[in-house]
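What follows is a set of notes on a single structure, which appears directly below.
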Amino acid sequence: MSVLVAIYNPAEFYPPTINAVESLARNYEKVTLITHDVEGLDPWEFPKNVRVEYVDKWNPGDGSQNFIRHIQRFLKFSKQIKKALVSEKFKIVLLYEPHAVLSYKMSGLHQQKKPDILWYHSHDIYVPEGQRTFSVGWWAGRAEQKIFKELDIFTLPAEERKEFFPLQNLKGKYFFLPNYPSKYFYKKFYGPRQPGNEFRIIYQGRIAPGHGLEEIISLLRETPSGKKLSLHLKGLVDEEYKSSLIRIAGENNCLDDLHFYAITSYKEVPALGSTCHIGIAIHTRMDIMNKTLGTSSNKIYEYAALGLPVLLFDNPHFRKHLEKYSWTAFTDCSRDSLLACINRIISNYNKYSEDAHRDFEQDLNFENNFSKVLAQIP
């Protein structure tokens, strides 16, 4: 039995998609993944029964894509999906994000060669106001709304996002599928923590305002519980914002304690985290995406997988989902609050670190939750 997985944005940028393909490959004879490659990054090494069809190269630093280039890329992606659907009948077709839905509908084969299971997973929330009328994104959003009457399975990484989708039109079943990391992948990076005199604090992701980075830099000269602090930032960053962080570090005499790391392929991400001690998952913005990250932010649980206690923004949403875990610390990003959180983590570090990894192993991993969805497929 064969499975087709399609995601327009590079799967490399969406670890839950990588995890899904890996899990499907362990359960089905053949998996075809249609996506884009990322320029300058080594691609993920999938199992031998996964055929990856890269449509085009994607430049991670290109935020404003040329309109004509975008159209050409989308049409190539759609053509690849149609070619796959013509070539064979799939047991499962798993679509990620509205662009893949639009391409699937455009193939004209969604009725003639229907898969046994049509599955749609939304990583993000489509915002119509952000789309130009008649643009690809605009048409994709319309296709997303109309696909529900054909879906056998619909999954979301956050229960709070259900209200943004027409579930009243859903033909099949809805399942909650949080963005937890893979136990198979992360197990090789974990080792019991033995922190010395330095506590390395890490942030992974898009380096931008809204994550408490300025506030943390301003206290790097502090020595909570007698420990030296350093901050390690890994991901894409605008040069102007990077310069502002460096300026703050200079003003606080802690330039040597602030470190930047370039974006890498996902398979390399845990290596740096495994050398650190505290993870930053602070999100202070209040848009719908940032207000629903308690189960959809994979970085929270990637830190836990490595045994890192996590700093979180103190709001009702994050407390609802994460307050029950000993390894979480909630801050309002004030100096006193941040220092109190860091002091508490350091004071009982080994226990919090062990608790984080144990919770990941027992429940907060992708396989444990994905298997519950697969169990519903006849």
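Readers should treat all values here as calculations from the given coordinates under stated rules, not as data from a laboratory. Because the structure is a prediction, the values reported are computed rather than measured. Using ideal geometry, Cβ is built from the backbone for each residue, glycine included, and neighbour counts are taken over all protein chains shown.
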Revision key, fill the gap. Phi angles of the range 116-122, converted by Karplus (6.51 cos²θ - 1.76 cosθ + 1.60, θ = phi - 60°) into ³J(HN,Hα) in whole Hz with x for Gly and Pro, give 4, 10, 9, 10, 10, 10, 9
Revision key, fill the gap. Gyration tensor on Cα atoms of the range 2-177, a ≥ b ≥ c root eigenvalues, a/c under 1.5 rounded, else prolate if a/b beats b/c, else oblate, says rounded
Practice item. Sum -39500 (n - 2.57) across every DSSP H segment of at least 4 residues in the chain, then divide by the residue count to get the 222 nm mean residue ellipticity, nearest 500. Key: -10500 deg cm²/dmol
Point to revise | Estimated FRET transfer efficiency when R0 is 41 angstrom, pair Y184-S334 (beta carbons, to 0.05) | key: 0.55
**Study point:** Relative contact order [Cα under 8 Å, 6+ residues apart], the chain, whole percent
**Key:** 14
**Study point:** Separation between Cα centres of the range 312-331 and the range 200-237, rounded to whole Å
**Key:** 19
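Give me the percent of DSSP beta bridges within the range 2-177 that run antiparallel, rounded to the nearest 5.
Numbers: 0 of 29 bridges.
Counting DSSP beta bridges with both partners in the range 2-177, the antiparallel share is about 0 percent.
Taking the beta-carbon count within 10 Å as an exposure proxy, list V310, V50 from fewest neighbours to most.
Starting with the residue having the fewest Cβ neighbours, the order is V50, V310.
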Study note, to complete from the structure: Here the range 223-232 yields Karplus 3J(HN,Hα) values (6.51, -1.76, 1.60; θ = phi - 60°; whole Hz; Gly and Pro given as x) of 10, x, 6, x, 9, 7, 10, 9, 10, 10
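I need the shape label for the range 332-378. Rule: rounded when a/c is under 1.5, else prolate if a/b > b/c, else oblate, with a, b, c from the alpha carbon gyration tensor.
Numbers: a/c = 8.64, a/b = 2.52, b/c = 3.43.
Oblate is the answer for the range 332-378, as a/c is 1.5 or above yet b/c matches or exceeds a/b.
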Review point. Separation between the L374 and S265 pseudo-spin-labels, each 7 Å from Cα along Cα→Cβ, expressed in nm?
Key: 2.3
Check your understanding: Rg and Dmax of the range 36-107, Cα atoms, in Å?
Key -> 13.5, 37
Check your understanding: How many angstrom lie between the C-alpha centres of the range 144-187 and the range 337-378?
Key -> 22
**Study point:** Global geometry of the range 184-362, whether rounded, prolate or oblate, following the gyration tensor of its Cα atoms and the 1.5 cut on a/c
**Key:** rounded
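Starting from 0.36 nm per residue, how many nanometres of slack lie between D37 and K173 once their C-alpha separation is accounted for? Walk me through the numbers on the way to the answer.
Numbers: separation 136, 0.36 × 136 = 48.96 nm, distance 3.17 nm.
Gain in length upon complete extension: 45.8 nm.
If you take the beta carbon distance between A208 and N315 as r and set R0 to 25 Å, what does 1/(1 + (r/R0)^6) give as a FRET efficiency, to the nearest 0.05? Write down the numbers at each step before the final one.
Numbers: r = 19 Å, r/R0 = 0.74.
So the FRET efficiency works out to roughly 0.85.
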Review point. Can you flag which of K48/K188; K105/K173; K183/K242 are past 22 Å Cα-Cα?
Key: K183/K242
Exercise for review: Find the eigenvalues of the gyration tensor of the Cα atoms of the chain, then list the square roots of 5 times those eigenvalues as equivalent ellipsoid semi-axes, largest first, in whole angstrom.
Suggested key: 38, 22, 19
Check your understanding: In vacuo Debye scattering of the range 197-276, one point per C-alpha: log10 I(q)/I(0) at q = 0.11, 0.27 Å⁻¹?
Key -> -0.28, -1.39
